[in-house]
Amino acid sequence: MTTLTATDLSKTYLLRSGLRFSRLQAVQEVSFELSPGRTLALVGQSGSGKSTIAKLLMQLERPTSGTLLLDGAPIGRRGRALADYRHEVQMVFQDPFASLNPYHSIGHHLLRPLLLHGRATARTAPGAAKELLERVNLPADDAFMERRPHELSGGQRQRVAIARALAPGPSVLVADEPVSMLDVSVRLGVLNLLARLQQEEDLAMLYITHDLATARHFSDEIMVMLRGRVIEHGPADEVILSPREEFTRRLLAAAPEPATNQRFLAEAQRRGVPMPDHLAHQEDLG
Amino acid sequence: MTTITEESAQIDETEKTTAPRRRRPATTLVVGLGIVVAIVLFGLVAPFFTQDPLAVSNDGMQGPSAAHLLGTTQTGQDVLAQLAHATRGSLMVGVIVAVLALLLSAFFGILGGYLGGWLDEVFSLFTNVVLILPGLPLMIVIGSYVEQRGLLLIAFVLAITSWAASARVLRSQTLSIRSRDYVHAARIAGEKPWRIISVEILPNLLPVMSSGFVFALITAILGEAGLSFIGLGVVGTQTWGSMLFYAQNGQALTLGGWWWFVPPGFMIAVLGGGLSLINFSIDAIINPRLRNAPANVRRVQKAEKEAGA
Amino acid sequence: MSKSAEQIVTDLESVRSGFGAAASPEPVLTVRDLDIVYEVAEPVHAVRRASLTLHRGEILGLAGESGSGKTTLAYGLNQLHRPPARIIGGSVTFHGQSDGDVDVLALEGESLRTFRWSRIAMVFQGAMNSLNPVISVKAQLEDVFTTHRPQMDAAERRHRSEELLRLVGVDPSRITAFAHELSGGMRQRVMIAMALALDPELMIMDEPTTALDVVVQREILQEILRLRQELGFAVVFITHDLPMLLEISDRIAVMRQGEIVELDTAENLYFAPKHPYTRRLLGSFPSLTGSTGDFVRAGYSPEETR
Amino acid sequence: MHVLRKLGFYLVALWAAVTLNFFIPRALPGSPVDAVLSKLALRGPVDPATREAIEVMLGADDQGSLLQQYVQYLANLLGGDLGISVTYFPTPVSQVIGQSLPWTLVLVGVSTVITFLIGITLGTLAGWKRGTWLDSLIPATTIMQSVPYFWLALLFVYALSVNLGLFPISGGYDVTLVRPALDYPFVSNAMYYAFLPALTIVLSSLGGWLLGMRNMMVSTLSEDYILTAEAKGLHPRRIMLTYAARNAVLPSVSGFAISLGFVVSGSIVVESVFSYPGIGFTMLQSVQNNDYSLMQGLFLIITVSVLAANLAVDLLYGVIDPRTRARG
């Protein structure tokens, strides 16, 4: 399987206001490795540079400096080599309302990558698309394929986006805040779907998020970014439970967490019960 | 990042519930289309049934009668026949100009907006300069130098002075669509640039482009009428503007020949009105707030009235 | 729980403000059977027979997902709902401390305008859009006074506005700034300052912190809790973030499809949620420091991934 | 910085207009110079300097390269030398322009300001009262927008001047009664003569402003800050003006360039209907007399005026939208 290695990745934007130019160092010397079957979480606040990293990995932007290696070989930047890269590395976007073209049917979104990457012929593509829909637990029929994005709920759209990313048969998946725009009650479902697919396909995954809790439960390692730099990088539990950096501690302290709140801990004692495990109730409702 | 997240979620909460599912076409659209279709049919069909528009007779400056439904000109030509041929001429000029303007605006607007960089800078500067230069004076200068003013030349002159406004709109729309995730997703899927422009971006620009087309049609017909009225129109082709030019020079005003100068202007105004009504509906598609907000107010008023009664 | 986890617990507690003063049993707002309909082609019942009593100085959380009607309900309390929303039944009674009960839904015109902001103030989502982009913060703070306190002169208005900014931790010199010159957190502080201007008895806060980064969000929450303790206003706090509500609210109402499915104290809701939907919402937020069970990464039955 | 960028743009636009003016006669077929010179010769002796100026202006200057001609042309422009008018021989073009420019500036300027104010006011009201009877009148105003300026002018002349005799048929003032001067008799007489042309311009350009403003009002009223203002219990008039209209008017102001182009084009033809002694009427005179020097001079001055008006509006925009100020 495939490993994607980033070394000293930097991106500087040249901003213009009037005739004046200024530099914005969005990403500075960031290194990491995405390896098969493992998830790396990239955590940071807005403007910390985490989405820029997604763009660099997807070759939507060129790094100012630094290298990207796919299985030890420099990645292709144009033509055939770029197509090969896209074959291996795919992405799920944050906003499922914006990542599907409102003009086109669900079928279009799945058929195009299947055809472009030679995963199916014009004749076999519809069948292959339905298989993809099935894998993301969406209705795999013609009626669904003909629907437009606006007829779907947010959760359904994000599943379509995931199916599209899987269409070329990638080995690396970048998920940029894949659930932050979804209703809270469907978030874990989509994350679980991603986790299952990752295991089935042995995907190398980059999970970009601002939510520390899902980062911890959903990944093997966590990388914390602040103003374009990685300030802390380590095994997920270590970063969350014994953070080394002051900024990581501040992030953790700011996140709402009833389970460690004095008021609820005291209440548990008063009631003589343990702290409840609400995640068990996840599927109480359809 | 979170900003976008929650804002859109918020919008979604209200707009999802207010958007009606299937709506019947708006009244303005039906009326507008009706007007335009009627005038186009008149221009296409009527010339086959009318008298010779250039045939001179001795019944000069006669008011409407059974023989001449819209009266005659100073030289006894049938005004209805002239109107029919002029409708055809004006529409032809209008459509040619609108198509040319659409192509020009799409080229400068979409290409510049999509490719970005210095090309966009140059295109956008050029567009803004053309936009700000007053059109008619320029047309007059060019028109007066050329003796043989053919249909295509006039159409070309009208087109080069009327594409800039919609190019600017198209550019900003393209810029906004280009940065949307579905375009990024298409790039990541491996689509070629021309396919991204034509399949992913262009369909989403259709409402804006049709609005620009309709606007260009109005502008072109008005512009042609203005040029013809001052005697710089297409040589040898009858248009509404040329009718007005001859009416003004033929003393229709002072001789009280209203049947000569009222119909052509009326046709322009009504066609323009019809096209504007169509644009009115397109605007509501481009910006759903324009349709939803007034409709919501009306529905609540109606419901309150019913509840009160 | 590991030793390091305990360490965090104390860290967290040190930055969390203590829980507020107990709410008084005296009601400030009573809502009875409020019904709100969206008058669209097929009318939608956005709020169904919602009833709740809000006590003086209490923080009531209003939790729900998009389309649950939580925003519509909250806006209806002040007749701020917009077409196509229409109130078709129920009552909203405001229990003024000095002047007795006010039938809010019966107010209109001048009396409604006088009532708004002086009795119920609002804080909207903290993005760019809640402040008018083309007039200064000063103009927007002061037009509250010119409208509601016409007897105040320019100097008094200026003085009071600066005092309000200081109260919410904004440098009064920023009063001449425009919205785009302020950071997200600053804008939200300005909104809170504006809401405090007339010393209202109730504040409705509609997702006031959702657009903000988590650290700023925490600061704003603490600011709200502190001011509430000092000034004693009641709060209706709308958000989809249930863990946050649990930490700051006295009581929480959970809404789903226009109905309040459960209304109870934060403790009861947390330890003994009754409605399945409440349990489902609670189950949607994995605990940050709790044991990392197998639930997320391994427990993926097909049912769960619907 | 914002201002410098704007100035830069207008300089480029000005240069484009000047250069266009230089190349049009050279690029198009036919040699107007001989026609002009022969016409001039009929009226009196033409001195060599005048001949040369006309040749440079109209592109028959075969002495020297195109670049030299261009430099000469620019030099003449800077010196204010636009050649001699055939129509008003032997008056220099610059002087003819000087006489007609004020008429147009006042007529178009005043009617544009009036139209803008009426359009913005009505648009504000229609948008504010969205969904009511006032708002449902909006589609009808689009008809007004499509009426050709000059046809409306013809109708006015026919109905009000020819038939009813309420207004003069043509001209800028009554030459038999008053002489141009800044006194009451002249100004009032000129206003009387300007009424119908101005009314024509106002009525035909009103629809655009009205519709644009109404649509922006409807959009703006859905903004969050309007909700904030309502929650604050502000007076509806303040919400309508300071919160809604203040924001909704910005696109109308920044789109001024497009609208002004229309108004100027329209008013040229309107002037011809009323034989109004302004730039437009003079331009048509020059067309009829093949007075190319005058025509090109007029094209330049019209362009410069439009650019100047737009520059002024652009600078004003910087004042009314604080966000552009910050970017500077």
Between B and A, buried accessible area summed over both sides at probe 1.4 Å, in Å² to the nearest 100?
-> 2300 Å²
Counting only DSSP beta bridges with both partners in chain A, the antiparallel fraction in percent, to the nearest 5, comes to 55 percent
Does any residue of segment A:202-249 lose at least 40 Å² of accessible area with all protein chains in place compared with its chain alone, and if so which ones (probe 1.4 Å)?
-> A:213, A:216, A:217, A:241
Length-normalised contact order for chain B - Cα pairs under 8 Å, 6+ apart - percent | 24 percent
What's the center-to-center distance, using Cα atoms, between segment A:45-72 and segment B:40-112 in Å?
-> 62 Å
Long-range alpha-carbon pairs in segment A:199-259, meaning those over 18 Å apart, account in percent for 33 percent
Which GluC sites (Glu not before Pro) does segment A:9-67 hold that lie in a coil by DSSP with at most 16 other beta carbons within 10 Å?
-> A:61
Name the residues of segment C:76-93 whose accessible area, probed at 1.4 Å, falls by at least 30 Å² once all protein chains are in place instead of their chain on its own?
-> C:80, C:82, C:83, C:84, C:86
20 Å-binned pair-distance histogram of chain C (Cα, whole percent) | 30, 57, 13, 0
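Give the average over all directions of the projected area of the C-alpha convex hull of segment D:137-232, one decimal, in nm².
10.1 nm²
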Report, to the nearest whole %, how much of the accessible area of segment B:246-309 belongs to carbon and sulfur atoms, 1.4 Å probe, protein only.
-> 61 percent
Using a 1.4 Å probe, what is the accessible area per residue for chain D, in Å²?
-> 42 Å²
Treating cross-link reach as a plain straight distance, find the lysines whose alpha-carbon is under 17 Å from the alpha-carbon of residue D:232, omitting any fewer than eight places away in the same chain.
-> C:138
Report, in whole Å, the centroid distance computed from the Cα atoms of segment D:198-259 and segment C:254-269.
-> 42 Å
Sequence-distant lysines (8 or more away, or on other chains) whose Cα lies within less than 17 Å of residue A:50 = A:11
Expressed as a whole number, the average count of other chain Cβ atoms within 10 Å around the Cβ atoms of A:80-92 is 2
Give me the distance in nm between label points sitting 7 Å out from Cα along the Cα-to-Cβ direction at residue D:5 and residue D:323, one decimal.
-> 1.3 nm
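How much area per residue is accessible in chain B when the probe is 1.4 Å and only protein heavy atoms are counted (Å²)?
Here the per-residue accessible area is 43 Å².
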Of the heavy-atom accessible surface of segment C:128-199 (probe 1.4 angstrom), what whole percent is carbon and sulfur?
-> 49 percent
Averaged per residue, what accessible surface does segment C:128-199 expose to a 1.4 Å probe, in Å²?
-> 37 Å²
Ranked by GNM mean-square fluctuation in chain C (Cα springs under 10 Å), the top entry among C:253, C:193, C:106 is C:106
Once you've got the GNM for chain C with C-alpha springs shorter than 10 Å, pick whichever of C:161, C:66, C:287 has the biggest mean-square fluctuation.
-> C:287
With 5 Å bins from zero, work out the P(r) of segment D:93-179 over every alpha carbon pair and list the percent per bin.
-> 3, 10, 11, 16, 18, 16, 11, 8, 5, 2, 1
Please go through segment A:1-97 and write out the trypsin sites (Lys or Arg not before Pro) that DSSP classes as loop and that have at most 10 other C-beta atoms within 10 Å.
-> A:78
Mean Cβ neighbour count within 10 Å, used as a protection proxy, ranking B:53-63, B:141-151 highest first = B:141-151, B:53-63
At a probe radius of 1.4 Å, figure out the C/A buried accessible area, summed over both chains, and give it in Å² to the nearest 100.
-> 6000 Å²
Once the in-chain neighbours fewer than 8 apart are removed, the aspartates and glutamates whose Cα is under 19 Å from residue B:192 read A:61, A:84, A:88, B:181, B:200
When only DSSP loop residues count, what trypsin sites (Lys or Arg not before Pro) in segment A:98-140 have their Cβ near at most 13 other Cβ atoms within 10 Å?
-> A:123
Compare D:300, D:101, D:67 in a GNM of chain D, Cα atoms joined below 10 Å, and give the one with the largest fluctuation.
-> D:67
Buried area at the B-D interface (accessible, heavy atoms, 1.4 Å probe, summed, Å²) | 5000 Å²
Scaled to the compact-protein estimate 2.2 N^0.38 Å, what is the alpha-carbon radius of gyration of chain D, rounded to two decimal places?
-> 1.19
Return the average number of partner chain Cβ atoms within 10 angstrom of each residue Cβ along peptide A:189-200.
-> 4
Counting partner chain Cβ atoms within 10 Å of every residue's Cβ in B:119-131, what's the average?
-> 2
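Express the relative contact order of segment C:128-199 as a whole percentage, based on alpha carbon pairs under 8 Å and six or more residues apart in sequence.
44 percent
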Sort B:68, A:87 from largest to smallest accessible area, using a 1.4 Å probe on the heavy atoms of the protein chains.
-> A:87, B:68
Can you pull the Rg over Rh of the protein assembly as shown, Cα-only, Kirkwood?
-> 1.02
Calculate how many DSSP beta bridges within the protein assembly as shown are antiparallel, expressed in % of all such bridges and rounded to the nearest 5.
-> 60 percent
Once normalised by the length of segment D:208-323, the mean sequence separation of its alpha carbon contacts under 8 Å that are 6 or more apart gives a contact order in percent of 23 percent
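Eigenvalues of the Cα gyration tensor times 5, then square-rooted: what semi-axes does that give for chain A, in whole angstrom, largest first?
32, 28, 17
Calculate how many DSSP beta bridges within chain C are antiparallel, expressed in % of all such bridges and rounded to the nearest 5.
60 percent
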Based on Cα positions only, what radius of gyration and what Dmax would you give for segment C:128-199, in angstroms?
-> 11.1, 33
Rank C:265, B:95, C:38 by how far each Cα sits towards the positive end of the charge dipole of the protein assembly as shown (+1 on Lys, Arg Cβ; -1 on Asp, Glu Cβ) and give me just the farthest.
-> B:95
Computed over chain B, the distribution of all Cα-Cα distances in 20 Å bins, rounded to whole %, is 26, 47, 24, 3, 0
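The values are calculated or read from the model by the stated rules, or taken from the named source; none is laboratory data. Not measured: the values here are computed from a predicted model. Cβ sites come from the backbone with ideal geometry, for glycine too, and all protein chains shown count toward neighbours. Accessible surface areas use protein heavy atoms only, side chains included; no ligands, DNA or RNA. Shrake-Rupley method; radii C 1.70, N 1.55, O 1.52, S 1.80 Å.
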